[in-house]
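The values are calculated or read from the model by the stated rules, or taken from the named source; none is laboratory data. Worth saying up front: this structure is predicted, and the values here are computed from it rather than measured. Every residue, glycine among them, receives a Cβ derived from its backbone with ideal geometry; neighbour counts consider all protein chains shown.
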Amino acid sequence: MAVEFRSPNDEMALIPDGIIISPRFKLILSLVFIFLVTSTGKSNFESLILYFILSVLICLLFKPSLKLLLKRVFMVFLFPLSIAIFIPFTNKGMEIFNIDFWFLHIGITDNGLAIFLTTIIKSFLSILVLASLIVSTSDMELLNGLKEIYFPKIMISLIFFMYRYLFLIRDQSRIGQLAIQSRTFQKSYKNVNKRLAFLAGSLFIKSFDRVENIYKSMESRGFEGSFYFVGNKSKIVASNIIITSVILTAALAIKILEILKVIH
């Protein structure tokens, strides 16, 4: 099965000035950077400041839409924030602030606060780089970039199908919810939950049947388990290699200094 995509060379023709990073090198930069950031130790704020400078540089190179980037970062960042908000109250250490109720004692420890700040900063930097990658690169370019860095074919196929049919399931869910609202006159908690359970079961059965039909139709059209991307193969440009090497060298240098405890 062939999938059409726009190559980075096409985008270069639209942007006469400036350096364009190909999806292959964007993926390499993003994955390595996120791995190094997430492996940073607790309370190592000097390293995180240096990683923040690198993340801003990566965002400038990827050239995403600023408005869309901020929107994506804010929406995704709420998830790790809502989970990490309990960390200062659940870790042992010296209490720096506490509130006593007649039935409950709430205390914030120095160790918990350090873990919380480290986790939040690492999450923000990872989300910032990942959002820059997604906003600045189309879905087909990302899939082709994964193929070019020899990502497993079965994983690429799964990502493509998940992305393609997630919106279809969402639309079917909205139609089902609208049908429930139009037929439910007395909206009690019990009745709504019961109908939502029926909707979830119906979506599961419909999805299962649709998957079988889609796969049979794909096999009848010559699908053999992998996608073939139609378009010009992205060339390895010297500027991409140099920029990627410089940024990765800087990130690895920060990690080495952290391991040697030069910065902490």
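Within the stretch 120-128, identify whether any single residue is assigned to a helix (DSSP H, G or I), outside the structural domain of SER207 (by TED's automatic domain parsing), over 30 Å from LEU68 (Cα atoms) and not small (Gly, Ala, Ser), and answer yes or no. Scanning the stretch 120-128 turns up no residue that is assigned to a helix (DSSP H, G or I), outside the structural domain of SER207 (by TED's automatic domain parsing), over 30 Å from LEU68 (Cα atoms) and not small (Gly, Ala, Ser).
Annotation: of all residues in the stretch 245-264 being exposed (fewer than 11 other Cβ atoms within 10 Å of the Cβ) and of a type outside the set (A, V, I, L, M, F, W, C), the one that is nearest to the chain's Cα centre (by Cα) is THR249. Among the residues of the stretch 95-119, those that are without any contact (Cβ under 8 Å) to a residue 24 or more places away in the chain and in a helix (DSSP H, G or I) comprise ASP110, ASN111.
One line per residue, one yes/no per condition, for (1) modelled with pLDDT under 90; (2) not small (Gly, Ala, Ser):
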site	(1), (2)
ALA114	yes, no
LYS122	no, yes
LEU133	no, yes
THR137	yes, yes
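Of these, PHE229, PHE223, PHE161, PHE151, which one is outside any helix (DSSP H, G or I), at pLDDT 75 or above and either in contact with a strand residue (DSSP E or B) (Cβ under 7 Å, 6 or more places away or on another chain) or surrounded by 13 or more Cβ atoms within 10 Å (Cβ to Cβ) (or both)?
Sole residue among the options that is outside any helix (DSSP H, G or I), at pLDDT 75 or above and either in contact with a strand residue (DSSP E or B) (Cβ under 7 Å, 6 or more places away or on another chain) or surrounded by 13 or more Cβ atoms within 10 Å (Cβ to Cβ) (or both): PHE151.
Restricting attention to the stretch 146-161, does a residue exist that is over 30 Å from ILE49 (Cα atoms), of a type in the set (Asp, Glu) and in contact with a helix residue (DSSP H, G or I) (Cβ under 8 Å, 6 or more places away or on another chain)? Yes, the stretch 146-161 contains at least one residue that is over 30 Å from ILE49 (Cα atoms), of a type in the set (Asp, Glu) and in contact with a helix residue (DSSP H, G or I) (Cβ under 8 Å, 6 or more places away or on another chain).
Only a single criterion out of (1) surrounded by 14 or more Cβ atoms within 10 Å (Cβ to Cβ); (2) in a loop (DSSP other than H, G, I, E, B); (3) out of contact with any strand residue (DSSP E or B) (no Cβ under 6 Å at 6 or more places or on another chain); (4) not aliphatic (A, V, I, L, M) is not satisfied by LYS92, namely (1).
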